[in-house]
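Below: one structure, written as structure tokens.
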Amino acid sequence: MSPLEGNLQDLDEKSIENIVKFVSDIRTGKLQGSNKIAVATVTLLEQIITDASNTSALFLVNAVRATGRRITKALPHELIAANMVRRVLRAIRDEQRALANQSSEYSGDSLQRLVLAAPSRRATLPSHHDLREPIRDHIAELLGELEASTSAICGQAKEHIHTDELILTYGSSNLVEKFLKASGTNKPKLLLVEGPQHSESAAMATRLSSQGVSVTLVNGAAVGALMPRVNKVVIGVRSTLAGGAVLGEAGLLAVTTAARHYSVPVVVLSPLYKLSPLHSCDHTHFNALAPPYTAMPYMSGESALTQVYAPMCDFVPPDHVTLFITNLGGSSPSYIYRLLSELYDPNDYQI
Amino acid sequence: MEGEKENVVQAVVIMDLFNNNLNPICTENPVGLLPVAGVPLIDYVLESLVAGGVGEVILFSCQEPTKVREHIKKCKQDMVPWTFSLDVQILSSETCETMGDVMREIDAAGLVRGYFILLGVNTITNVNFAALLDQHKQICKKDKGAAMTLVYKEVAWDHPLISNNKSVFLAADGNTKKILLYNTYKPKCKDTTVSLPLESVLHHSEVKLHHNLLDTNIALCSPSVPPLFSDNFDFQNRNDFIHGILINEDILASSLYYTKLKGNQYASAVTNWKTYHIISLDILHRWVHPLSIESGSFYQNSYTFMGKHNYIKTSSVLSRSCTLQEDVLIGSNTQISDMASLTKTIIGNNSHIGKNVIIQGSHIMNNVVIKDNCKITNSFIDCDCIIDENSILDGVIIGSGAKVNEDTKLKGNIIEKQQVNRTEKGLSKSTSESGTEWENESSGDGDEEFIGFEKQWTDSESCYSSDSSAESSLADSPVPDDTNIFLQEVIDSLARGYEEKLKCDYLILEINSSRYAYNIQLHEVNFYVVRAILSLPTLVDSKNVLVTVRDVFKFFHPVLVNYIKTKSSILDCLRAVEDSCLKNDWLNGKAGQIIHLLYNADVVDEDSLLAWYEDLKTDESEIAQQKSLVNFFEWLNEASEESEESE
């Protein structure tokens, strides 16, 4: 247990009730889709901040962290929810810092003060100001960013997808679908490799072909043979990790390995909210198993005796990725750490 | 407000199984609190109901309702997720002894507003109840009489959950999914034929036959179901209901439908120790996703996944040299010592496993101490037990608080607290009964396949243990006890009728009312009436038995004619004669004469007699060799030849 995991104060009952509802919504599948989960997390945190009895920065930070801990404990695989908690924490800390700088009389006057003020990241200064109003502005900004992230990424489609290029993608992803549609007149040819959910991949292929994209649905086994002809691999991911590695749908690693072998560029579409400051050393996220019916049906007599391993996600190392496309534009895997330090406060890497 | 309430999906959960398949663990504790993979059954049920879109639940508890109430109260205090969106009502009645009684109580209380879901507390599922209920409502729009839709999971016929349960054979209309025929079979039944009425094939363009359906114990019910139970007081369980509706479809104006669960929807019911073990492993294997051990007790994930489907609580202490082979679940504060080896085993909280212990396919509850060098296979050990050194347990069920002495070897016993240290008794009855033996389905390739628990745990004291080892539920079939009482009552009323020369019509009425009181099938009534006539006390005392028998037959002729009408009833009658001649020594050697008397009285016909005689010969029954019977059939053959010649 790390020293950062001290005890926090308990949340009030109403907040706990909200958290439990949020968690069970995600568990039962009522809340699906990364963007929706991100928005729901931020809304939940906004509610908790609004309901907070004490408005000091310390109290708010603690309340948000306690929420974050409960969520991560209940849903260790939902990295996006944890990311949103970190973003909100960052907003509170920023606000507190700005307030601290403002309140000191000669704010900005002396160089010494600036230097000293900058590292005071810990939001421990006592304050009587109501921080909630400015924090709410931050949250509104964040929600705006979440809403615009898809269109921001799709806006870059024309830079990356050109006419008559052969694009390969893996599994179904809303973001990739919109990205390809956004390529507009530059109609690419698409090879869609079946992911673990065959029906969803097929549905995505139908939707795209009705939009005029020429789609070929291929089996995962054919990837190796097709890869030499492919111009570009475009994939959506579950989460982007700190080192530039990627967590994707199960089976993705085979695709990116083939791409690397034939030196085909791999473009990863990753909105900023999918950026997680975790490193790949935390194994709980990779050993997670998906329900076994994704691999085989509960039918035969053997299904009660066999051990079925259907991994939830694949880990793709950073050297398999050529380019990340985020809301802010393209960036290489080695640049991810910069983005992280812009988004989150280092104190919050571990909630 | 009223309108809102009507849209809430209602579910009725019956908290008891009304059988003793899970004894002795569930004799004192309600079945709902039996932990499966560390989580009480009731938690799975409530959580799946919430996830399935149910808003209001009626828990009907007959056994220890206070414990259920306490559990629900505690869940509310702990803010378990379902408490926020589920309205739970607990009803209890200690007098209810069957599911039928429960339904009648519910009907009387008038709690069910419309369509509802009926399920047992032993169901573990991840289905969307609300969608299924909508499906049932659609069926009801087409067929006003649709009473119930049964929910089944389709699996392969060799699936262990089917082979260890009462299997179901179902014939249904292929288009409407209306059930035409419904049979249940005992586990491992060797019956190879199925009889399907011709009309059911002629009147439907497509008939589907299913033998691979897994009963999930979920039923989608129309508002008419509780009143149907009230009107037909002989419906005792769901099978009675199904049979009753199918037989009297026109009279009750109701029909039944079925539906199969699709794809990744999982549903199964814990009915005995074997299915208990299989379902526990299914939960560990995440088939019931999103229901899992992590979600059951509380929404916070406190298990650590160790690979190979091993899960441990972070507060458990494992020795460096112990091995968890596969499918192991270890609760909090449990200690596993050096060189212990665990396979397909679930261990509760605060338990202690000693050195060199080998545990396979077993379920160990809380606060259990297992000392060094024990070997435990396919067993269930309840809370607070102590197993001393060097014990070898195979297929043993141990009730809470019991102690097993060192160097004990047990196989297939049930040990309860009262029987502490009574290992001798256990040993003496170990292999005599098939019902208590653990079945080891190891198919030669090592110790991989310890399926676990045998069907039923019979008591040596209970009178039905010898012939009902394969019965999975008592409520489903009449206990031999009942038929014995029925026989005695019929004998009594006939004897009285004979003495007081009552009208036979009254006697028929009396027999019929006893029949309904003890829930006796028609063919059994035929059998027992003849049996009773031949067991009358007057016959026992009489000096010339045959003369008395003739008088008796003459007197009871209306009764006999009333019951013995069809071919099958004649065979019942003849079988009763056979049975009586074997069992009643005053009829010894007089089978031929009795048959002759019946033949003369026109109760039995020639064809049936000959068919029966053939049966006797092939079965090598004792009485087939009896002189009187041989003589009678010789005479019969001659008589028939003569009559043919004369024509």
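Within the option set B:Gly399, B:Gly412, being farther than 20 Å from B:Gly38 by Cβ, open to solvent by less than 10 Å² (accessible area, probe 1.4 Å) and out of contact with any strand residue (DSSP E or B) (no Cβ under 6 Å at 6 or more places or on another chain) holds for one residue only, B:Gly412. Put simply, of B:Ile278, B:Ile293, B:Ile247 the only residue that is within 35 Å of the chain's Cα centre (by Cα), closer than 19 Å to B:Asp43 by Cα and more than 11 Å from chain A (Cβ to nearest Cβ) is B:Ile293.
For segment B:67-91, the set of residues classified as surrounded by fewer than 20 Cβ atoms within 10 Å (Cβ to Cβ) and over 17 Å from B:Ala11 (Cα atoms) consists of B:Lys67, B:Arg69, B:Glu70, B:His71, B:Lys73, B:Lys74, B:Lys76, B:Gln77, B:Asp78, B:Met79, listed by residue number. For segment B:350-381, the tally of residues that are open to solvent by 50 Å² or more (accessible area, probe 1.4 Å) and assigned to a loop (DSSP other than H, G, I, E, B) stands at 8. Scoring B:Ala130 on the criteria (1) open to solvent by 50 Å² or more (accessible area, probe 1.4 Å); (2) out of contact with any strand residue (DSSP E or B) (no Cβ under 7 Å at 6 or more places or on another chain) leaves a single failure, condition (1).
None of A:Leu190, A:Leu168, A:Leu217, A:Leu175 is touching a residue at least 12 places away in the same chain (Cβ under 8 Å) and within 23 Å of A:Ala148 (Cα to Cα) except A:Leu175. Scanning segment B:330-349 for residues that are within 14 Å of chain A (Cβ to nearest Cβ) and assigned to a strand (DSSP E or B) yields one hit, B:Thr343. If you go through segment B:200-249 and keep only what is among the aliphatic types (A, V, I, L, M), in the same structural domain as B:Ala269 (by TED's automatic domain parsing) and outside any strand (DSSP E or B), you end up with B:Val225, B:Leu228. Among residues of segment B:250-261 that are within 24 Å of B:Thr216 (Cβ to Cβ), those with a Cβ under 7 angstrom from a residue that is polar (S, T, N, Q) and crowded, with 20+ Cβ neighbours inside 10 Å, sequence gap 6+ or separate chain, pair up as B:Tyr257/B:Thr149; B:Tyr258/B:Thr149; B:Thr259/B:Thr149. Note on segment A:197-307: enclosed helices (runs of 4 or more DSSP H) holding 2 or more residues that are at pLDDT below 90 and within 14 Å of chain B (Cβ to nearest Cβ) are A:198-210. Pick from segment A:26-55 the residues that are assigned to a helix (DSSP H, G or I) and within 14 Å of chain B (Cβ to nearest Cβ): which of them is most open to solvent (accessible area, probe 1.4 Å)? Checking each candidate, the answer is A:Arg27.
When segment B:307-329 is examined, which residues are found to be assigned to a strand (DSSP E or B) and either among the charged types (D, E, K, R) or more than 15 Å from B:Gly361 (Cβ to Cβ) (or both)? Listed by number, the residues that qualify are B:Tyr311, B:Ile312, B:Lys313, B:Val317, B:Leu318, B:Thr323, B:Glu326.
Pick from segment B:194-244 the residues that are under 23 Å from the mean Cα position of the chain (by Cα) and of a type in the set (D, E, K, R): which of them is farthest from B:Val112 (Cα to Cα)? Among residues in segment B:194-244 that are under 23 Å from the mean Cα position of the chain (by Cα) and of a type in the set (D, E, K, R), the one farthest from B:Val112 (Cα to Cα) is B:Asp215. When segment A:145-190 is filtered for residues that are among the polar types (S, T, N, Q), open to solvent by 10 Å² or more (accessible area, probe 1.4 Å) and part of a helix (DSSP H, G or I), the ones remaining, listed by number, are A:Thr150, A:Ser151, A:Asn174.
Table: residues versus (1) surrounded by fewer than 21 Cβ atoms within 10 Å (Cβ to Cβ); (2) modelled with pLDDT under 80; (3) not in a helix (DSSP H, G or I).
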site: B:Glu524; (1), (2), (3): yes, no, no
site: B:Thr538; (1), (2), (3): yes, yes, no
site: B:Arg550; (1), (2), (3): yes, no, no
site: B:Val577; (1), (2), (3): no, no, no
site: B:Cys581; (1), (2), (3): no, yes, no
site: B:Ile595; (1), (2), (3): no, no, no
site: B:Ala611; (1), (2), (3): yes, no, no
site: B:Ala624; (1), (2), (3): yes, yes, no
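The listed residues are B:Glu105, B:Glu64, B:Glu94, and the only one of them that is in the same structural domain as B:Tyr257 (by TED's automatic domain parsing), surrounded by fewer than 15 Cβ atoms within 10 Å (Cβ to Cβ) and acidic (Asp, Glu) turns out to be B:Glu94. Those helices (runs of 4 or more DSSP H) of segment B:63-161 in which 1 or more residues are away from every other protein chain (no Cβ under 14 Å), within 27 Å of B:Ser268 (Cβ to Cβ) and in contact (Cβ under 8 Å) with a residue 24 or more places away in the chain occupy B:65-77, B:99-109, B:129-142.
Could you please let me know if A:Ala254 is open to solvent by 10 Å² or more (accessible area, probe 1.4 Å) and either aliphatic (A, V, I, L, M) or within 30 Å of A:Ala82 (Cα to Cα) (or both)? Judged against the criteria, A:Ala254 is a match.
Test B:Asn175 against the criterion of being surrounded by fewer than 21 Cβ atoms within 10 Å (Cβ to Cβ) and either in the same structural domain as B:Ala11 (by TED's automatic domain parsing) or in a loop (DSSP other than H, G, I, E, B) (or both), and give yes or no. Steps first, please.
Working: surrounded by fewer than 21 Cβ atoms within 10 Å (Cβ to Cβ): yes; either in the same structural domain as B:Ala11 (by TED's automatic domain parsing) or in a loop (DSSP other than H, G, I, E, B) (or both): yes.
So B:Asn175 fits the description; yes.
Selection of segment A:130-144 for residues being touching a Leu at 6+ places or on another chain (Cβ under 9 Å), over 19 Å from A:Leu275 (Cα atoms) and part of a helix (DSSP H, G or I) yields A:Arg132, A:Pro134, A:Ile135. Report yes if some residue within segment B:291-300 is touching a strand residue (DSSP E or B) at 6+ places or on another chain (Cβ under 8 Å) and of a type in the set (Ser, Thr, Tyr); otherwise report no. For segment B:291-300, residues touching a strand residue (DSSP E or B) at 6+ places or on another chain (Cβ under 8 Å) and of a type in the set (Ser, Thr, Tyr): present.
Before we move on, is A:Ser270 loosely packed, with under 15 Cβ neighbours inside 10 Å and farther than 30 Å from B:Gln265 by Cα?
no
If you go through segment B:382-415 and keep only what is in contact with a Pro (Cβ under 8 Å, 6 or more places away or on another chain) and either within 13 Å of B:Gly354 (Cβ to Cβ) or not in a loop (DSSP other than H, G, I, E, B) (or both), you end up with B:Ile397, B:Ile414.
The residue list B:Leu228, B:Leu220, B:Leu256 contains one member that is out of contact with any His (no Cβ under 9 Å at 6 or more places or on another chain), buried (at least 18 other Cβ atoms within 10 Å of the Cβ), under 17 Å from B:Ala146 (Cα atoms) and at pLDDT 90 or above, which is B:Leu256.
The values are calculated or read from the model by the stated rules, or taken from the named source; none is laboratory data. All values derive from a computational prediction rather than experimental measurement. Note: ideal-geometry Cβ built from the backbone for every residue, glycine included; neighbour counts use all protein chains shown. Side chains included, ligands, DNA and RNA excluded: accessible areas come from the protein's heavy atoms. Shrake-Rupley method; radii C 1.70, N 1.55, O 1.52, S 1.80 Å.
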